[in-house]
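One structure is given here, and the rest of the page talks about it.
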Amino acid sequence: MQDNAIAPTPAPFAIRIAAMVYELLLATAVVFVASFIIIPVVGDMHAPWQRHLFQIYILGVLFAYFSAFWLRSGQTLAMKTWRIRLINLNGAPLTLKQAALRFSLALFGLLLAGAGFWWALFDRDRQFFHDRIVGTRLVRVPRKA
């Protein structure tokens, strides 16, 4: 019996980078809105504890933004625009554990001058480092007919 299911096509590197640039704009807007909420609560941030609280809050907001989209549909707003979906290796949506690990590793890779993203240039499947470790992949979503 022949399987008529079509394997998802991996998203090209250039498309993933373009989606990341767009995502940066959207994440910046999310951070601005989140900042307007917390700054009146925390104050002028002269004390180290205030700065650390603010940084943890912003990381939490960004994790909530990304994980909510990844867990619900596998696509953030930028990923929908560029027709990219995040799935795990068996094609299912991510778990919360995968989303948290992917977010953490992507952040760590970004802090290392983007090494986690440059990894895709040398990876045999052109995957980012965090996708390789977590067991996720970015695939193209076909155009609707």
Review point. Of everything in the stretch 57-80 that's of a type in the set (Gly, Ala, Ser) and surrounded by 15 or more Cβ atoms within 10 Å (Cβ to Cβ), which residue is nearest to Pro12 (Cα to Cα)?
Key: Ala78
Review point. Which of the residues belonging to the stretch 129-145 are without any contact (Cβ under 8 Å) to a residue 60 or more places away in the chain and closer than 21 Å to Lys97 by Cβ?
Key: Phe129, His130, Asp131, Arg132, Ile133, Val134, Gly135, Thr136
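Answer yes or no: is there a residue in the stretch 81-98 that is in contact with a Pro (Cβ under 6 Å, 6 or more places away or on another chain) and either under 23 Å from Ala27 (Cα atoms) or surrounded by fewer than 19 Cβ atoms within 10 Å (Cβ to Cβ) (or both).
To start, the set of residues in the stretch 81-98 that are in contact with a Pro (Cβ under 6 Å, 6 or more places away or on another chain) comprises none.
No; the residues of the stretch 81-98 include none that is in contact with a Pro (Cβ under 6 Å, 6 or more places away or on another chain) and either under 23 Å from Ala27 (Cα atoms) or surrounded by fewer than 19 Cβ atoms within 10 Å (Cβ to Cβ) (or both).
Return the total of residues in the stretch 33-88 being part of a loop (DSSP other than H, G, I, E, B) and in contact with a strand residue (DSSP E or B) (Cβ under 7 Å, 6 or more places away or on another chain). Spell out the reasoning first.
Taking the stretch 33-88 and keeping what is part of a loop (DSSP other than H, G, I, E, B), we get 43-47, 73-76, 82-83.
Next cut, in contact with a strand residue (DSSP E or B) (Cβ under 7 Å, 6 or more places away or on another chain) only: 74-75, 83.
Number satisfying all stated conditions: 3.
The numbers here are math on the coordinates, done by the rules we state, and not lab data. Predicted model only: the values in this text are computed from it and were never measured. A quick note on method: Cβ atoms are made from the backbone with ideal geometry, for glycine too, and the neighbour counts reach across all protein chains shown.
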